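Below is one structure, written out as structure tokens; the observations come after it.
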């Protein structure tokens, strides 16, 4: 029996610039089903831009973006970047969930409405089914009894758990986290890391931009270190953190320890 896992995300030779500043330079990576990949690096290294390009919030200037082997963005015959038609892009957006560092909840929606509105309005799924699944997600996130609360009535950690539940409600193939704990104090950070650990134990496919190095070492299958818009080093999470090969990575890890 083959142990080959299906490839969900593939990025090849990705380039992205803002004005004259090249933020991503020939970035290539792939993520297989059930894999947890952590992306680390200093501020301004291109980590969040890479995530935004992968989730179609930014458009690539060059390279190729594929989901499940299907090219979503690639150069046309003249070498200009071409994206798939809007209908295909909408279907692709249903393949992933994105958890932002600043929660991004609708402030005037209850917790329950924040979670159930996308699957009902966008995916057109039956309300009874969606509400039942949302109740189960609230329990999983330790948010029982909070269904009628507004985001402003919750702690930062609770709001982030609602945003994770909202992403999971869409039943994504892959879940992206952009610095999910950067807006939280240490105690609340622990809450979110426990949730992500539980998702990793369930073999949820995840890409996590994080500065929590011990967490990345523990949870990720693979770590990618970026600096200056390029991938400097990547490999097994424990091996990369414990035995970094590149001087820039060693300097980055040493700075975190001081």
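The values are calculated or read from the model by the stated rules, or taken from the named source; none is laboratory data. This is a predicted model, so every value here is computed, not measured. Methodologically, a virtual Cβ is constructed for each residue, glycine included, from the backbone with ideal geometry; neighbour enumeration extends over all protein chains shown.
At a glance:
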{"read-out": "Helices (runs of 4 or more DSSP H) lying entirely in the range 58-146 (those with 2 or more residues that are touching a strand residue (DSSP E or B) at 6+ places or on another chain (Cβ under 8 Å))", "value": "86-93"}
{"read-out": "Some residue of the range 233-243 being crowded, with 20+ Cβ neighbours inside 10 Å, more than 28 Å from residue 160 (Cα to Cα), touching a residue at least 12 places away in the same chain (Cβ under 8 Å) and out of contact with any helix residue (DSSP H, G or I) (no Cβ under 9 Å at 6 or more places or on another chain)", "value": "no"}
{"read-out": "Scan of the range 30-50 for residues that are in contact (Cβ under 8 Å) with a residue 12 or more places away in the chain and either surrounded by fewer than 19 Cβ atoms within 10 Å (Cβ to Cβ) or out of contact with any strand residue (DSSP E or B) (no Cβ under 8 Å at 6 or more places or on another chain) (or both), ordered by number", "value": "30, 32, 33, 34, 42"}
{"read-out": "Residue in the range 99-113 that is in contact with a helix residue (DSSP H, G or I) (Cβ under 6 Å, 6 or more places away or on another chain), surrounded by fewer than 16 Cβ atoms within 10 Å (Cβ to Cβ) and more than 23 Å from residue 205 (Cβ to Cβ) present", "value": "yes"}
{"read-out": "The range 51-70, residues that are over 16 Å from the mean Cα position of the chain (by Cα) and surrounded by fewer than 16 Cβ atoms within 10 Å (Cβ to Cβ)", "value": "59, 68, 69, 70"}
{"read-out": "Residue count for the range 230-247, restricted to those that are within 20 Å of residue 14 (Cβ to Cβ) and outside any strand (DSSP E or B)", "value": "0"}
{"read-out": "Filter result (surrounded by 15 or more Cβ atoms within 10 Å (Cβ to Cβ), out of contact with any helix residue (DSSP H, G or I) (no Cβ under 7 Å at 6 or more places or on another chain) and closer than 21 Å to residue 13 by Cβ) within the range 208-229", "value": "224, 229"}
{"read-out": "Selection count, the range 1-29, where residues are within 15 Å of residue 66 (Cβ to Cβ) and loosely packed, with under 14 Cβ neighbours inside 10 Å", "value": "2"}
{"read-out": "Unique residue being modelled with pLDDT under 95, in contact with a helix residue (DSSP H, G or I) (Cβ under 8 Å, 6 or more places away or on another chain) and exposed (fewer than 14 other Cβ atoms within 10 Å of the Cβ) when the list is 178, 185", "value": "185"}
{"read-out": "Strands (runs of 3 or more DSSP E) (entirely within the range 1-42) containing at least 2 residues that are more than 14 Å from the chain's Cα centre (by Cα), within 13 Å of residue 60 (Cα to Cα) and modelled with pLDDT of 95 or more", "value": "7-18, 21-32"}
{"read-out": "Some residue of the range 137-149 being within 20 Å of the chain's Cα centre (by Cα), surrounded by fewer than 19 Cβ atoms within 10 Å (Cβ to Cβ), modelled with pLDDT under 95 and within 22 Å of residue 204 (Cα to Cα)", "value": "yes"}
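Rundown of residues vs (1) more than 25 Å from residue 130 (Cα to Cα); (2) in contact with a strand residue (DSSP E or B) (Cβ under 8 Å, 6 or more places away or on another chain), yes/no style:
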{"site": "194", "(1), (2)": "no, no"}
{"site": "197", "(1), (2)": "no, no"}
{"site": "200", "(1), (2)": "no, yes"}
{"site": "204", "(1), (2)": "no, yes"}
{"site": "208", "(1), (2)": "yes, yes"}
{"site": "217", "(1), (2)": "yes, yes"}
{"site": "221", "(1), (2)": "yes, yes"}
{"site": "244", "(1), (2)": "yes, yes"}
